[in-house]
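Notes for the one structure printed next.
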Amino acid sequence: MKEFMMIFRHVPNPAYQPSPQEIEAEIKKWQDWIGGIAAQGKFGSTNQLGYEGKSINADGVVTDGPYAEIKEVVGGYVIVKAASLEEAMTMTKGCPVFDHGATVEVRDIMQLEF
C-alpha cells in the first residue's frame, strides 16, 4: 500500500459565518467521512491548516501569508493508504469539502530514503 495525500483547496468566503449548530453538523460530516476511511484500515492522519503563515523564496524574500498571490487556499489534508491513485481518488467520494464547492487534489507521497 502506498500513501496518498488529499489536499483540500477552497476560495475563502468571509461572508460565511456558520452558527454553532452548523459547525457541529460540519464536524460530524467530517468525522463520519474520515471514520469510513478508518474503518477500512486506510486512514493515515489529518490536520486542518491555520490562516497564519509566511512564505520565503530562494532569494530569501519573505511575504506575509501563505496565500499571498492566489485566490484558493489550502485548508487541510488527509493522508490515506491505497493500492493506487485511482483507489485513493474513490475515497474522496462524500468528502464534506465538496459541499462548499471546493476541490480535493490527490497526490502520491514519495518515500525518501536517508
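The values are calculated or read from the model by the stated rules, or taken from the named source; none is laboratory data. What you see is a predicted model, and the numbers here were worked out from it, not measured in a lab. Cβ atoms come from the backbone with ideal geometry, glycine included; neighbour counts cover every protein chain shown. Note: accessible area is taken over every heavy atom of the protein model, side chains too, but ligands, DNA and RNA are not part of it. Shrake-Rupley method; radii C 1.70, N 1.55, O 1.52, S 1.80 Å.
For region 1-92, the convex hull spanned by the alpha carbon atoms encloses 131 Å³ per residue.
Computed with a 1.4 Å probe over protein heavy atoms only, the accessible surface of the chain comes to 71 Å² per residue. Near the amide H of Gly44, within less than 5 Å, lie the amide hydrogens of Ile79, Val80, Lys81, all on another chain or at least 5 residues away, with H placed in the peptide plane. Of the accessible area of the chain, computed with a 1.4 Å probe over protein heavy atoms only, carbon and sulfur atoms account for 56 percent. Here the label points at Val11 and Val74, each 7 Å from Cα along the C-beta direction, are separated by 2.1 nm in the simple model.
Take 91-99, 3-11 and order them by the average number of nearby Cβ atoms within 10 Å per residue, most first; the result is 3-11, 91-99.
For the peptides 34-47, 74-87, the ranking by mean Cβ contacts within 10 Å, running from highest to lowest, is 74-87, 34-47.
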